[in-house]
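S.K.: The structure is given below, and queries will be raised subsequently.
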Amino acid sequence: MALRLAVFLSASLLIIVTAKVASDGEERHFVNDAYAKPPAAAVAPPVGVPPAPAPPAPRLIKDVRECGPACDERCALHSRKNVCGRACVTCCKECKCVPPGTYGHTELCGVCYTEWKTHGNRTKCP
């Protein structure tokens with residue numbers, strides 16, 4: 001009998017301590033076997049702040065001679081300028097496009113630019 005009482009008291013104490021540790025002042029909801037915070041209220045954007053500008057349009061190439069200057073601009077900050085320039089010119093000649101800026105925005109040049117892969121299955125075009 002004493003053993004049952006000791007087990008009951010220790011289990012009750014454990015539940016109370018766990019409840020106090022888990023309650024940090026925020027209301028929590030039980031969702032999918034895990035505790036989650038209630039959804040935050042929607043925050044309105046600040047008044048008077050303009051939306052972020054859209055990325056510049058890609059450089060569409062009409063003549064192969066335009067690839068050099070466009071790729072020089074694209075690879076200006078690259079650590080390996082020759083490797084970047086060679087790949088960029090190859091992609092420019094094939095896809096007739098060079099993305100704006102020095103990094104990213106490859107999706108603006110379409111599937112040709114984004115899906116072309118190297119032998120190592122990495123994207124070819126910078």
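S.K.: What is the local net charge at Pro100, summed over the other residues whose Cβ is closer than 13 Å to its Cβ (Lys, Arg +1; Asp, Glu -1)?
M.R.: 0
S.K.: How would you rank 87-99, 68-80, highest first, on the average number of other Cβ atoms within 10 Å across their residues?
M.R.: With the highest mean Cβ count within 10 Å placed first, the list reads 87-99, 68-80.
S.K.: While we're on this one: Suppose R0 equals 41 Å. What FRET efficiency, 1/(1 + (r/R0)^6) with r the Cβ-Cβ distance, do Cys112 and Val47 give to the nearest 0.05?
M.R.: 0.45
Readers should treat all values here as calculations from the given coordinates under stated rules, not as data from a laboratory. Keep in mind that what you see is a predicted model, and the values were worked out from it rather than measured. Cβ sites come from the backbone with ideal geometry, for glycine too, and all protein chains shown count toward neighbours.
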